[in-house]
């Protein structure tokens, strides 16, 4: 196999979580009696860099003051957890593709900016124990695009960092791959803006293409 380990982003790469995130935001607005509502396109612009950045972006869009921002953050944390896995579903071909990779001896991991407990809940619900290692946003560890979360995973799970492919869907994933110096595949069906990933090693429109990449002969 070309890569011994493939590490995936979660939201927008493995799982379509957009509806649940949007609903959590709108439910937070409702519970705070704020006269706002967001749609899927709005939500795409909020996500990718973790919960704190999402809250910052929501606050900027709706001109929250510091008190409103804090109120939104505190309640959104609860709503986000409450909405996990309500409307979320794997993208087409993901489960079958992961099984094929696993059967061919590839180690599989997930690095997500989603809160760690929520990431683990999603993985267990949709994928069982197919992944060898999973980590989400964990206190004391800088999240993507910083490399810290990757080095933490390497040290904890002892895999060869020189034979890794990272798979994501947004600009944060491309930047992250540069920061950890690994090859990257960007999925075109995710939440990232189209046509901005020319620097990626691979751009794939179908999850099954990962098996083709793995079967490529190395130089």
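The values are calculated or read from the model by the stated rules, or taken from the named source; none is laboratory data. What you are looking at is a predicted structure, and each value in this text was computed from that prediction instead of being measured. With ideal geometry, Cβ positions are generated from the backbone for all residues, glycine too; neighbour counts draw on all protein chains shown.
Among the conditions (1) surrounded by fewer than 20 Cβ atoms within 10 Å (Cβ to Cβ); (2) farther than 23 Å from residue 168 by Cα, the only one that residue 19 does not satisfy is (2).
Considering only residues that are surrounded by fewer than 15 Cβ atoms within 10 Å (Cβ to Cβ), out of contact with any helix residue (DSSP H, G or I) (no Cβ under 6 Å at 6 or more places or on another chain) and on the phi < 0 side of the Ramachandran plot, which ones fall in region 127-141? Within region 127-141, 129, 139 qualify. On the given criteria, is residue 53 assigned to a helix (DSSP H, G or I), within 24 Å of residue 167 (Cα to Cα) and in contact with a strand residue (DSSP E or B) (Cβ under 8 Å, 6 or more places away or on another chain)? So residue 53 fails the test. What tally of residues in region 107-126 results from selecting those that are in contact (Cβ under 8 Å) with a residue 60 or more places away in the chain and either surrounded by fewer than 14 Cβ atoms within 10 Å (Cβ to Cβ) or under 16 Å from the mean Cα position of the chain (by Cα) (or both)? Residues in region 107-126 being in contact (Cβ under 8 Å) with a residue 60 or more places away in the chain and either surrounded by fewer than 14 Cβ atoms within 10 Å (Cβ to Cβ) or under 16 Å from the mean Cα position of the chain (by Cα) (or both): 12 in total. Take residue 95 and decide whether it is surrounded by 15 or more Cβ atoms within 10 Å (Cβ to Cβ) and in the same structural domain as residue 179 (by TED's automatic domain parsing). So residue 95 passes the test.
Which count do you get for residues in region 162-175 that are touching a residue at least 24 places away in the same chain (Cβ under 8 Å) and either more than 14 Å from residue 114 (Cβ to Cβ) or not assigned by TED's automatic domain parsing to the domain that holds residue 191 (or both)? Number satisfying all stated conditions: 8.
Meeting the requirement of 1 or more residues that are at pLDDT 95 or above and under 19 Å from residue 207 (Cα atoms), the helices (runs of 4 or more DSSP H) wholly within region 63-161 are 94-103, 116-127.
Out of region 171-219, which residues are touching a strand residue (DSSP E or B) at 6+ places or on another chain (Cβ under 8 Å) and assigned to a loop (DSSP other than H, G, I, E, B)? 182, 188, 190, 191, 192, 197, 200, 201, 205, 207 - these are the residues of region 171-219 that are touching a strand residue (DSSP E or B) at 6+ places or on another chain (Cβ under 8 Å) and assigned to a loop (DSSP other than H, G, I, E, B).
Applying the selection to region 5-47, what residues are in a loop (DSSP other than H, G, I, E, B) and either closer than 25 Å to residue 92 by Cβ or in contact (Cβ under 8 Å) with a residue 40 or more places away in the chain (or both)? If the condition is that a residue be in a loop (DSSP other than H, G, I, E, B) and either closer than 25 Å to residue 92 by Cβ or in contact (Cβ under 8 Å) with a residue 40 or more places away in the chain (or both), then 9, 10, 12, 13, 14, 17, 32, 39, 47 are the ones that fit.
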